[in-house]
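Right, one structure below, let's go through it.
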Amino acid sequence: MGVLETERLILRRFKPEDARDLYEYLSREDVVKFEPYGVHNEAQCEAEALRRSGDPAFWAVCLKDSGKLIGNLYFQQQQPAAFRTWELGYVFNSGFHGCGYAAEACRRLLDYGFTDLQIRRVTARCNPDNAPSWRLLERLKLRREGFFRETGYFKHDEHGEPKWHDTFAYGLLGREWFSRAEEPVK
């Protein structure tokens with residue numbers, strides 16, 4: 001699938017030309033604080049835009065009226081494929097937080113996954129300290145299925161020691177997605 005649309009957004013594959021807009025948000029500590037990578041410089045964003053242009057797991061989220069890239073979604077099938085389970089993730093430019101763009105983009109991608117790809121289950125994980133992320137997952141009707149202590153680390157403290165993080169695990173079944181489609185959105 002090449003392009004998905006919402007009222008305000010276009011979800012499409014990445015292009016190498018997305019490097020400038022990608023830099024605008026991946027260069028910000030407040031955006032990558034909970035990600036498994038640090039801030040990116042311009043050269044790293046050029047390489048990352050090129051890499052993502054060949055990776056079908058990444059979706060560029062762009063404003064429909066201007067084409068500006070404001071964030072990205074990650075949507076990857078998990079193994080074994082017979083389980084029909086996909087993982088959802090997202091990162092958005094903090095200049096566009098609070099506008100409902102992440103929820104709008106995720107809803108469209110989930111609908112595509114459950115309807116067109118006929119996935120059975122979607123999962124997502126986030127740091128419990130990242131309240132905007134877990135609130136988004138709950139607005140999307142994903143169910144918190146677990147709380148895991150010190151599951152890993154991405155970064156180190158000033159002494160080189162791992163900064164261990166906890167993880168919330170979320171999930172949603174396709175039949176739940178369709179049964180909740182008629183419920184009002186919060």
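Selection within region 144-174: residues that are surrounded by fewer than 16 Cβ atoms within 10 Å (Cβ to Cβ) and small (G, A, S). The member of this set that is nearest to R121 (Cα to Cα) is G146.
Once region 99-153 is narrowed to residues that are of a type in the set (K, R) and closer than 11 Å to D166 by Cβ, the residue that is nearest to the chain's Cα centre (by Cα) is R125.
Among residues of region 34-68 being part of a loop (DSSP other than H, G, I, E, B) and polar (S, T, N, Q), the one that is surrounded by the fewest Cβ atoms within 10 Å (Cβ to Cβ) is S66. Taken together, the criteria exclude G2 from residues that are surrounded by fewer than 18 Cβ atoms within 10 Å (Cβ to Cβ) and at positive phi. Taking the criterion of being surrounded by fewer than 16 Cβ atoms within 10 Å (Cβ to Cβ) and not in a helix (DSSP H, G or I), the residues of region 101-122 that qualify are D116, L117, Q118, R120.
Among the residues of region 123-174, just one is touching a helix residue (DSSP H, G or I) at 6+ places or on another chain (Cβ under 6 Å), among the charged types (D, E, K, R) and assigned to a loop (DSSP other than H, G, I, E, B), namely K141.
Here, each number is a calculation from the coordinates, and none is a lab measurement. Note that the coordinates shown come from a computational prediction; the quantities given were computed from them, not determined experimentally. Glycine gets a Cβ as well: all are built from the backbone with ideal geometry, and neighbour counts include every protein chain shown.
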